[in-house]
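Take a look at the structure set out below.
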Amino acid sequence: MKRVLGIVLGGGAGTRLYPLTKTRAKPAVPLGGKHRLIDIPISNCINSDILKIYVLTQFNSASLNQHIARAYGFSGFQQGFVDVLAAQQTPENREWFQGTADAVRQYLWLFKSLDVDEYLILSGDHLYRMDYRDFVQHHRDSNADITLSVLPIDQTRASSFGLMKIDQTGRIIDFSEKPQGEALQHMQADTTVLGLNSEEARVKPYIASMGIYLFKREVLINLLSQNPDHTDFGKEIIPTSARSLNVQAYLFNDYWEDIGTIESFYNANLALVKQPKPAFSFYDESAPIYTRARYLPPTKYLECEISQSMISEGCVLKDCRISNSVIGIRSRIESGCTITNSLIMGADYYQSGFEQQGQCNLNPVSLGIGAGSTIDNVIVDKNARIGCDVHIVNKERIQEADREDLGFCIRSGIVTVMRGATIPNGTVI
């Protein structure tokens, strides 16, 4: 794996994840109480012994850059790195990244200088656990020019993905981007070729791209150099390449989620607390998900009732009831609070008097959730201040609303309290 370079694409604006992406890049969005989305592909690389990793960034990249710098440092005795490459203007090129392929093209001069055989292109906003060693070995065994990691899916989800067809050798011969109707039916494929049994193949007759690509070194260099107007891998580079190159499909028949919307992000986080075993788990000793080490104290539980939830370190919870929720680092939840079906992201710092505070007459409102408040079906972004006797329950079942002036938005019926927002005492949402 020392001959593979990992390139993580982290430059997208993430508009469908707004307001979580108002001040941060999409891959920097917190996940599971203490991690960030970018930790997933980087950890997968490290666990696969791919230790040369670049992360390409563009929009709202300050917090992403800071997280990577603080989380990933290899010792001087290891030949590895995780470096950020930000979009930049040069005398030769005044444009920002125009797409996934263009982002890689603009730093091709740097990638060419490394002595590697393959380039592994990854997205920074997917939730999955994958050993890339098997992926790379399949690529080499099939002598592929390009290999795509693909997911078998059923008809209900198929029209939301870029689909492909394969021949009996696993070579990709046709593409279609989010097809509908007859075009969708045309994209059915024999997924037994990829290793599914006949019953699985009947249920999942479509093959979807996961946005994970492995290129031979010279193939990527030639494609990006000879097609300067092609700016996107999925829409242009890969479909064009399939006509003349050996483009292979590699089956990944496991949990994978594209964290593209507020609803998918919310569901993926709450799925972490399911029992007896969630579809994705952070409790895998053989393939840990790394993140920044913060050295926080243990969480204090004072007369609490907690069920089916994950509580991160460094919190103080007082006489509250929490169920089916994820509580992030440095969260403070006061007495009489009820939190259900919610993601509380916590805080980036401790407020003075964190252990003792709890008064409802403080001005400004303290960090955390004040006494007597009820939170249900809510995402509370970092550093939010929710006062006492606040009820965020979306009683009217409103599906979409933009109330940034009041510190919250609603997407797909899910209330999101914005980062650093203050919700005054007695507010009802």
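Scanning region 176-196 for any residue that is part of a strand (DSSP E or B), surrounded by fewer than 17 Cβ atoms within 10 Å (Cβ to Cβ) and in contact with a strand residue (DSSP E or B) (Cβ under 8 Å, 6 or more places away or on another chain) turns up at least one such residue. Only one of the numbered conditions (1) in contact with a strand residue (DSSP E or B) (Cβ under 8 Å, 6 or more places away or on another chain); (2) touching a residue at least 40 places away in the same chain (Cβ under 8 Å); (3) part of a helix (DSSP H, G or I) is violated by Leu224, and that is (1). Looking at Ile289, is it among the β-branched types (Val, Ile, Thr), surrounded by 14 or more Cβ atoms within 10 Å (Cβ to Cβ) and farther than 28 Å from Gly73 by Cα? It is false that Ile289 is among the β-branched types (Val, Ile, Thr), surrounded by 14 or more Cβ atoms within 10 Å (Cβ to Cβ) and farther than 28 Å from Gly73 by Cα.
The combined condition, being of a type in the set (Val, Ile, Thr), in contact with a Lys or Arg (Cβ under 7 Å, 6 or more places away or on another chain) and either closer than 17 Å to Leu31 by Cβ or free of Cβ contacts under 8 Å to residues at least 24 places away in the same chain (or both), is fulfilled by Ile329.
The requirement of being in contact with a Leu (Cβ under 8 Å, 6 or more places away or on another chain), free of Cβ contacts under 8 Å to residues at least 24 places away in the same chain and crowded, with 22+ Cβ neighbours inside 10 Å is fulfilled somewhere in region 316-323, by at least one residue. Considering (1) assigned to a loop (DSSP other than H, G, I, E, B); (2) touching a strand residue (DSSP E or B) at 6+ places or on another chain (Cβ under 7 Å); (3) modelled with pLDDT of 95 or more; (4) not charged (D, E, K, R), the lone condition that Phe280 does not fulfil carries the number (3). Residues considered: Leu31, Leu9, Leu5, Leu20. Of these, the only one that is more than 21 Å from Ile212 (Cα to Cα) and in contact with a strand residue (DSSP E or B) (Cβ under 9 Å, 6 or more places away or on another chain) is Leu20.
The set of residues in region 52-86 that are among the charged types (D, E, K, R) and assigned to a helix (DSSP H, G or I) contains only Arg70. Note on region 369-413: among residues that are in a strand (DSSP E or B) and of a type in the set (Asp, Glu), the one that is modelled with the highest pLDDT is Asp376.
If I go through region 170-191 residue by residue, how many of them are of a type in the set (Ser, Thr, Tyr) and modelled with pLDDT of 90 or more? It would help to see each step written out before you state the result.
To start, the set of residues in region 170-191 that are of a type in the set (Ser, Thr, Tyr) comprises 176, 191.
Subsequent filtering for residues that are modelled with pLDDT of 90 or more retains none.
Within region 170-191, residues that are of a type in the set (Ser, Thr, Tyr) and modelled with pLDDT of 90 or more number 0.
Taken as a whole, the condition of being of a type in the set (Lys, Arg) and in contact with a strand residue (DSSP E or B) (Cβ under 6 Å, 6 or more places away or on another chain) does not apply to Lys235. The residues of region 4-51 that are part of a loop (DSSP other than H, G, I, E, B), hydroxyl-bearing (Ser, Thr, Tyr) and in contact (Cβ under 8 Å) with a residue 60 or more places away in the chain, listed by number, are Tyr18, Thr23, Ser48. Ile398 meets the conditions (1) closer than 19 Å to Thr21 by Cβ; (2) surrounded by fewer than 21 Cβ atoms within 10 Å (Cβ to Cβ); (3) β-branched (Val, Ile, Thr) in every case but one. The failed one is (1).
Checking Asp232, Asp254 one by one, the residue that is within 30 Å of Asp49 (Cβ to Cβ), in contact (Cβ under 8 Å) with a residue 24 or more places away in the chain and loosely packed, with under 14 Cβ neighbours inside 10 Å is Asp254 and no other.
Taking every residue in region 397-415 that is of a type in the set (Phe, Trp, Tyr) and pairing it with any residue that is assigned to a loop (DSSP other than H, G, I, E, B), at least 6 positions away or on another chain, the pairs with Cβ-Cβ distances below 9 Å are Phe408/Pro19; Phe408/Met418; Phe408/Ala421; Phe408/Ile429. For region 361-373, the tally of residues that are surrounded by 11 or more Cβ atoms within 10 Å (Cβ to Cβ) and either without any contact (Cβ under 8 Å) to a residue 24 or more places away in the chain or more than 21 Å from Ile327 (Cβ to Cβ) (or both) stands at 1.
The values are calculated or read from the model by the stated rules, or taken from the named source; none is laboratory data. This one's a predicted model, so the numbers in the text were calculated from it and none came from an experiment. Note: ideal-geometry Cβ built from the backbone for every residue, glycine included; neighbour counts use all protein chains shown.
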